[in-house]
1. So what is the accessible area of the protein assembly as shown per residue, in Å², with the probe set to 1.4 Å?
2. Whole-Hz Karplus ³J(HN,Hα) for the stretch D:25-38, in order, using 6.51 cos²θ - 1.76 cosθ + 1.60 and θ = phi - 60°, x for Gly and Pro?
3. Any idea what the relative contact order of the stretch D:110-188 is, in percent, if you count C-alpha pairs under 8 Å spaced at least 6 apart?
4. Take the Cα atoms of the protein assembly as shown, build their convex hull, and give its volume per residue in Å³.
5. Between residue D:67 and residue B:123, what FRET efficiency follows from the Cβ-Cβ distance if R0 is 56 Å, with the result rounded to 0.05?
6. Residue D:4 to residue A:92: FRET efficiency via 1/(1 + (r/R0)^6), r the Cβ-Cβ distance, R0 60 Å, to the nearest 0.05?
7. With a 1.4 Å probe, what is the total accessible area buried between chains B and C, in Å² rounded to the nearest 100?
8. Where in the stretch B:112-145 does the amide nitrogen come within less than 15 Å of the point 7 Å from the Cα of residue B:99, taken along Cα to Cβ?
4 protein chains.
Amino acid sequence: MYIYPRIYRKLKRGPQVILPKDIGMIIAYSGVDKNSVCIDAGTGSGWLAVSLARIAKHVYSYDLRPEFTAIAEKNREMLGLDNLTLITGDAFKKMGQSDADLVALDMPSSEKALKNAKKALKQGGTVVGYLPHTEQVKKFALKLESLGFMDIYTIETIVRDMLVRREGVRPSTKGIWHTAYLVFAHKP
Amino acid sequence: MYIYPRIYRKLKRGPQVILPKDIGMIIAYSGVDKNSVCIDAGTGSGWLAVSLARIAKHVYSYDLRPEFTAIAEKNREMLGLDNLTLITGDAFKKMGQSDADLVALDMPSSEKALKNAKKALKQGGTVVGYLPHTEQVKKFALKLESLGFMDIYTIETIVRDMLVRREGVRPSTKGIWHTAYLVFAHKP
Amino acid sequence: MYIYPRIYRKLKRGPQVILPKDIGMIIAYSGVDKNSVCIDAGTGSGWLAVSLARIAKHVYSYDLRPEFTAIAEKNREMLGLDNLTLITGDAFKKMGQSDADLVALDMPSSEKALKNAKKALKQGGTVVGYLPHTEQVKKFALKLESLGFMDIYTIETIVRDMLVRREGVRPSTKGIWHTAYLVFAHKP
Amino acid sequence: MYIYPRIYRKLKRGPQVILPKDIGMIIAYSGVDKNSVCIDAGTGSGWLAVSLARIAKHVYSYDLRPEFTAIAEKNREMLGLDNLTLITGDAFKKMGQSDADLVALDMPSSEKALKNAKKALKQGGTVVGYLPHTEQVKKFALKLESLGFMDIYTIETIVRDMLVRREGVRPSTKGIWHTAYLVFAHKP
């Protein structure tokens with residue numbers, strides 16, 4: 001069983017969300033703070049977007065599909081966030097920002113958005129790809145390399161629930177083994 | 001090899017630090033945001049304290065040992081944080097706050113600080129213990145239960161570095177398998 | 001999903017069995033070969049007993065509960081093994097052998113059978129405990145130490161299924177995280 | 001730290017060996033027993049070959065490089081095995097057997113030996129590839145499919161050492177995270 005932190009339990013969700021375990025790594029490894037401007041594409045159910053908006057100065061989140069922007073809008077309202085701009089639009093074509101500290105990509109063929117991501121990032125900014133398959137990881141990392149990104153590294157985060165009882169401390173029998181790899185890099 | 005996110009590479013460290021993987025989980029699972037007041041004990045090298053201060057409204061960090069407060073003070077200065085109060089003092093005896101959103105405990109016998117932690121937390125606030133051993137986890141969780149904390153759960157976070165190359169995508173051969181378990185609970 | 005090797009798919013099973021992943025480790029770490037005499041208690045569904053009997057010279061398997069001996073007997077017959085002796089009896093009270101290469105224990109409080117296990121083992125023989133909980137692991141390991149066993153070590157074996165497709169190689173989303181720890185030791 | 005079972009501690013080794021954790025899985029998942037004929041290519045230091053020979057009726061092990069056959073020969077002698085035939089030869093060109101229960105492949109481009117492996121196997125026999133990289137896993141699995149092998153599945157085996165002490169049961173801090181994936185299939 002994967003245990004959801006309380007804040008996520010009330011959020012609405014579409015078919016797939018980025019889990020808190022991966023959200024935590026994106027925050028810790030990118031170093032997002034209260035002064036950060038973040039971009040997120042695609043929005044999906046907006047779990048990453050709202051999580052970043054609770055911390056950062058401003059978050060811009062792109063998705064082509066208005067039905068997902070609508071779910072994310074509900075989550076934005078529920079948490080009372082006024083620093084999250086949800087945009088129904090194509091992140092492959094255009095990201096309107098140029099001073100971002102973080103661009104997080106979770107789309108099919110998201111390596112195709114890396115050129116735009118580079119333009120949108122400030123110097124030293126972080127890009128991260130959320131990529132379920134090893135082939136996607138390779139494509140993404142090689143594209144980062146060819147675009148001159150630096151300090152490229154890839155992690156997989158596994159969270160294991162423990163059973164803790166008066167007698168019988170042990171890991172849970174079953175659990176989530178894999179969601180996606182995270183590939184990080186920095187704009188030089 | 002465990003890869004450190006860039007922000008942590010310049011930080012000073014004593015013999016042991018809480019790694020970014022665990023910091024990320026503490027942030028994501030506690031739901032700390034810009035309005036949060038956090039308490040941290042013991043400070044150690046201050047990696048968790050500065051990470052929280054980059055996000056939260058204010059962080060109070062306690063350690064009995066002035067040599068650790070000094071390391072943390074260097075890290076606080078390096079990051080230019082003015083919302084982190086480092087206190088050389090005994091968190092078992094006293095935490096001077098009463099409206100905290102998060103109390104994070106990383107001390108020997110930290111279950112003995114849970115009574116104080118409960119007083120320091122606001123309603124609905126989160127306590128988290130960073131506990132290397134299974135025996136500590138059990139003691140901590142049972143003490144949480146006896147003090148009436150709710151929604152107690154324990155996780156272990158494993159971050160696996162991947163080798164990503166033009167030919168040869170695979171997990172790293174060696175890595176860090178274990179730092180500590182995290183036990184979370186909420187004040188009712 | 002945990003994939004069963006073909007040979008195990010046709011075997012009968014009661015409520016719980018030792019999985020092939022743990023059976024493989026018991027074989028590889030004990031060094032059981034065609035000349036080995038093995039003891040197994042409790043029999044349970046007999047999966048470990050029949051797996052050992054397919055390799056070893058002779059296997060003696062003890063269980064107090066005749067309904068389990070009966071399941072194991074079906075599995076013995078199905079595989080046509082004539083070197084497996086199934087005994088409905090109490091391994092805490094008596095193991096009738098004295099030249100065993102391996103004693104494998106999977107019972108509640110199996111540390112209480114270690115004194116008998118030591119008598120049943122030949123010099124240099126291996127004992128292994130199959131223990132789901134960390135508290136059991138500690139009790140078992142400390143008892144081994146107090147009885148003068150040597151070279152005590154504990155492992156946990158995790159088998160991760162991979163999805164392999166024309167496009168989309170990645171670990172399975174869900175899986176079995178934990179069955180039991182294995183504690184090995186040798187009779188000096 | 002990866003703990004070697006006692007039997008492996010005295011064996012000679014070249015630059016790389018198949019570890020007992022993977023040997024255990026090959027044995028348990030293939031169902032090798034005393035009546036089995038096994039083929040192994042390449043021999044390397046012969047750790048898999050001798051492990052199989054301790055269990056099976058006969059093992060044939062191929063390696064192109066005579067320096068490796070020599071290491072394996074030392075290991076064969078040390079264990080007194082007379083049912084292991086070490087062959088300095090090219091498994092891509094020829095395997096002289098036709099009734100094998102198991103063919104285990106650990107070579108660069110080992111998918112190129114699968115056609116020969118199929119000829120060497122008896123009906124229902126098992127082939128297993130030991131493959132460090134995800135790309136190799138895919139190539140191997142797709143080749144198995146195109147050759148009509150059945151019941152193809154891929155696993156990764158992780159063995160985690162535990163520290164067990166009077167006070168302080170927990171997983172080891174560091175360890176081996178990855179050796180290779182194992183791809184299994186059966187000849188129809």
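The values are calculated or read from the model by the stated rules, or taken from the named source; none is laboratory data. All values reported here derive from a predicted model rather than from experimental measurement. In this analysis, Cβ positions are derived from the backbone assuming ideal geometry, glycine residues included, and neighbour counts consider all displayed protein chains. To get the accessible areas, we keep the full protein, side chains included, count just its heavy atoms, and leave off ligands, DNA and RNA. Shrake-Rupley method; radii C 1.70, N 1.55, O 1.52, S 1.80 Å.
1. Details: 27970 Å² over 752 residues.
Per residue, the protein assembly as shown has 37 Å² of solvent-accessible surface.
2. Once rounded to whole Hz, the list reads 5, 4, 5, 5, 7, 8, x, 4, 9, 5, 8, 7, 9, 10.
3. Details: 115 pairs, mean separation 35.4, N = 79.
Over the stretch D:110-188, the number comes to 45 percent.
4. Working: hull volume 122.9 nm³, N = 752.
Given the Cα convex hull of the protein assembly as shown, per-residue volume reads 163 Å³.
5. Working: r = 71 Å, r/R0 = 1.27.
It comes to 0.20.
6. On the way: r = 51 Å, r/R0 = 0.86.
It comes out at approximately 0.70.
7. On the way: alone 10090 and 10090 Å², together 19810 Å².
Counting protein atoms only, the buried area is about 400 Å².
8. Taking a point 7 Å out along Cα→Cβ of residue B:99, the residues of the stretch B:112-145 whose backbone N falls under 15 Å are B:120-125.
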